[in-house]
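Asks: Please read through the structure below; I'll follow up with questions.
Nothing in this text is a laboratory measurement; each read-out follows from the coordinates by a stated rule. Just so it is clear, the structure is predicted and the values come from calculations on it, not from any experiment. Please note: Cβ atoms are built from the backbone with ideal geometry, for glycine as well, and neighbour counts cover all protein chains shown.
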Amino acid sequence: MDARITAILDNLGMNAADFNAGDHEVHSPIDGVVMGRVIMDTKASVDAKIQRANDAFTKWRKVPAPRRGE
């Protein structure tokens, strides 16, 4: 991973190592440099993630706005 990308991730409070564990390279459209690696999901794992996100949203939307803002 390019040092510039690592610096940006560090500034965002993200661990650059988390972006190097995958099996698919992500390239910059500007200069082609490898920006990181991502893990490719299966259809089943994406469906499960979407379902978990939907379940969380369903619960969260029932929380009153003042409570969400605490």
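Asks: Name the residue from P29, L9, A56 whose Cα lies farthest towards the positive end of the charge dipole of region 1-66, charges +1 on Cβ of Lys and Arg and -1 on Cβ of Asp and Glu.
Replies: Value: A56.
Asks: Report the relative contact order of the chain, percent, no decimals, based on alpha-carbon pairs under 8 angstrom and at least 6 residues apart.
Replies: Numbers: 49 pairs, mean separation 15.6, N = 70.
Over the chain, the number comes to 22 percent.
Asks: Convex hull over the alpha-carbon atoms of the chain: what's its volume per residue in Å³?
Replies: Values: hull volume 9.7 nm³, N = 70.
Residue-normalised Cα hull volume stands at 138 Å³.
Asks: Treating the beta-carbon of each Lys and Arg as +1 and of each Asp and Glu as -1, no other charges, what is the dipole magnitude of the chain about its Cα centre, to the nearest 20 debye?
Replies: On the way: 10 positive and 10 negative charges, 137 e Å.
Computed charge dipole of the chain: roughly 660 debye.
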